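Single-structure report; data block below.
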Amino acid sequence: MTQTIDAQTVKHVASLVRLGISDEEAEKFSPQFSAIIEYFNMLNEVDTSEVPPASDITNNANVLREDVVMPSMSREEFLKNAPKVAGGHVKAPTVLGDE
Amino acid sequence: MELINLTLQQTSQLLAEKKISSVELTQAILKRAHEVDGKIQSYVTLADDVALEQAKRADARLASGEAVTPLTGIPFAMKDAISTRGVRTTCSSKILENYVPQYNATVTQRLADAGAVLLGKTNMDEFGMGSSCENSAFFNTKNPWDLTRVPGGSSGGAAAAMSAGLCGFSIGEDTGGSVRMPAGFCNVTGIKPTYGRVSRYGLIALASSFDSIGPMTRDVYDCATVLQYIAGHDPKDATTYQSPVANYHATIDQPVKGMKLGIPKEYFVAGMEAGVESSIQEAIRQYEKLGMEIHEVSLPHAKYGLPVYYLLLFAEASSNLARMDGARFGLSISEGAENIVDIYLKTRHEGFGDEVKRRIMLGAYALSAGYYDAYYLKAQKVRTLLRRDFENALAQVDVLIAPTCPTTAFKLGEKTSDPLEMYLSDIYVVSTNPAGVPALALPAGFSKNMPVGMQLIGKHLDEAKLFQVGHAYQQVTDWHKKSPEIRD
């Protein structure tokens, strides 16, 4: 399965990860992506029909704690890095609307 | 008094005997850093004031004798991916160029509690994405052994600072070789501990199922010292092991006679630099002289390590870097933005370098509808086979031996035009992280005047054995004692 990732696909994927991209960049990335994905196709050589996907690297399961309030960062500390602040909150423009 | 290029043991001794104070030691290293680091550029941020403040507190502890540890008063450098309260933490990216964490990573806190002195934050490939430090958004770090060559990556700054005597030890992080590969290129010792042995709380995540923080030091003994203090269960990181941390120094001097050393046959094929191969073969002979049994083992899926690693890395990194969105912290570009998505698009376009963009896009591609099964799921299945390979091999022997890289440090700019070529230099270090196994890198000689690194790979949570086997080698060789002369 030869996979060519054309500039259109690059732009589509860029929008999935909310990454602004120019036409030139999409053209530049297209052959690089195609080569890399082509390289990944080597995994098709491996028979994994009876193999489960890896999970649980540390054999820990359901690590829980008591639902007790613990000290955490103060509002002031948290807002120190916020680009825009208003009324003790992080200020952002419209979230809902056209995609 | 020679203060540069000492081991932690030696420095601790000087501090304990009051031959020097932590403030004097810190001042000496800062002075050297200001004089010499212009050529190497290992540091992104040198925090002189913070360092001297911490050194003063360390001296008070040393004077009173209370809560003194082998790390008290020792200056160290930290890879710029690990959060340090009040000290800029950038991941060598424009998107975090002015970000100052309001909390300490667990590792930072543990080192502070032990009395170590933070000197500053070191350069890296942006967000850990790279093998040469050339993907830093700020500047290239040079290899102190040859300033026209790379120090390796992504913990290139931490390795270079350690190598050039610009810290007593450094803390790096290894997701797919990022401690071991630069350790090998710069002639220092470094460990990628078992995944889950050291808390990732406060580490700016690259690939959450691979990331492993590890120390870089002058020798194996020191490496064990530092790991002793940063390892252990952390309630803030649910992937850390509950099991207690072994006392690494208790067994480090035990003879290795009768232990079994495994040579993975798939790793010793054509393509290795001749001097690298001969150094590793010489190391194997050393171990034979020390009484180890040498066995050939097989890692049948070795060649799939690279695609498994990179595919899963792209996918996990894509997820992790979604938080760099210009909304709550970091670079935020909002001029002309009509809604929040505009801020995301512009901020991420300006704030991320090309390699970061490549990886997050490819990660999304591998996870997207129609491709998830063929790429992400497939890679996770082959990952199971990689883990089984290590389990099977390590059931037959105590540790495996391998080079850290097929070559010694390459030239700046040599591999930057082809991303795939850069990925291939990781061939020996990428399989361990998907499997979660620990690996210790240490100096094994020189080839064409550049350091050769070897690594010892062990079973889960078997760091004590790695240290024992590594230390045994350093008792009969002196590669690790060599330091570069910093030339113009």
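Below, the figures for the structure above:
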read-out	value
Across B:Lys18/B:Lys79; B:Lys121/B:Lys236; A:Lys28/B:Lys346; A:Lys91/B:Lys94, pairs whose alpha-carbon gap is larger than 28 Å	B:Lys18/B:Lys79
Qualifying lysines (Cα of each under 16 Å from Cα of B:Lys381; at least 8 residues distant if same chain)	B:Lys303
Projected label distance in nm at B:Glu421 and B:Thr477, using a 7 Å step from Cα toward the beta-carbon	2.9 nm
Given charges at beta-carbon only (K, R positive; D, E negative), |dipole| of chain B in Debye	420 debye
Estimated dipole of the protein assembly as shown in Debye, rounded to 20 [Cβ of Lys and Arg +1, of Asp and Glu -1, Cα centre]	980 debye
Listed residues A:Tyr39, A:Leu19, A:Ala7: farthest to the positive end of the dipole of the range A:1-46 (Cβ charges)	A:Leu19
Degrees between helix A:23-40 axis and first principal axis of chain A (Cα, 0 to 90, nearest 10)	70 degrees
Summed residue charge, Cβ within 12 Å of B:Leu311's Cβ, Lys/Arg positive, Asp/Glu negative	+3
Pairs from B:Lys265/B:Lys465; A:Lys84/B:Lys56; B:Lys19/B:Lys465 whose Cα-Cα separation, in the structure shown, is over 28 Å	A:Lys84/B:Lys56; B:Lys19/B:Lys465
Rounded FRET efficiency, nearest 0.05, which uses the C-beta distance separating B:Phe446 from B:Asp253 and R0 of 25 Å	0.40
Ranked B:Phe314, A:Phe78, criterion: other C-beta atoms within 10 Å, fewest first	A:Phe78, B:Phe314
Local electrostatic count at B:Ala274 - Lys and Arg +1, Asp and Glu -1, tallied over other residues with Cβ under 13 Å	-2
Cα gyration tensor shape for chain A, rounded if a/c is under 1.5, else prolate or oblate	oblate
For B:Ile20, B:Ile280, B:Ile171, order by how many other beta-carbon atoms lie within 10 Å, fewest first	B:Ile20, B:Ile280, B:Ile171
Structure-based [θ]222 nm, chain B - -39500 (n - 2.57) summed over DSSP H runs of at least 4, per residue, nearest 500	-11500 deg cm²/dmol
Two-site label geometry, A:Tyr39 and A:Asn62: point separation in nm, points 7 Å out along Cα→Cβ	4.2 nm
For chain A, built as a Gaussian network whose Cα springs stay under 10 Å, the top-fluctuating residue of A:Lys11, A:Lys84, A:Lys28	A:Lys84
Among B:Ile252, B:Ala33, B:Trp145 - extreme Cα towards positive end, dipole of chain B, charges at beta-carbon	B:Ile252
In range of the label at B:Gln242: residues from the range A:60-83 whose backbone nitrogen is under 14 Å from the point 7 Å along Cα→Cβ	A:60-66
Cβ-defined net charge surrounding B:Ala60, 13 Å radius [Lys, Arg +1; Asp, Glu -1]	0
Sequence of B:Cys405, B:Cys186 once ranked by neighbouring C-beta atoms within 10 Å, starting from the fewest	B:Cys405, B:Cys186
Residue-span extension gain [B:Gln10 to B:His295] - 0.36 nm each, minus C-alpha spacing	99.0 nm
Debye, to nearest 20: dipole size of chain A, +1 on Lys, Arg Cβ, -1 on Asp, Glu Cβ	700 debye
Positive-pole candidate from B:His460, B:Gly436, B:Leu400, dipole of the range B:390-474, charges at beta carbon	B:Leu400
Per DSSP, loop trypsin sites (Lys or Arg not before Pro) in the range B:1-51 with at most 12 further Cβ within 10 Å	B:Lys18, B:Lys19
Modelled FRET efficiency - R0 51 Å, A:Lys28 with A:Glu76, Cβ distances, 0.05 increments	0.70
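Bear in mind these aren't lab numbers, they're just calculated from the coordinates by the rules spelled out. On a predicted model such as this, the values are computed, not experimentally measured, just so you know. Here the Cβ is made from the backbone with ideal geometry for all residues, glycine too, and neighbour counts use every protein chain on show.
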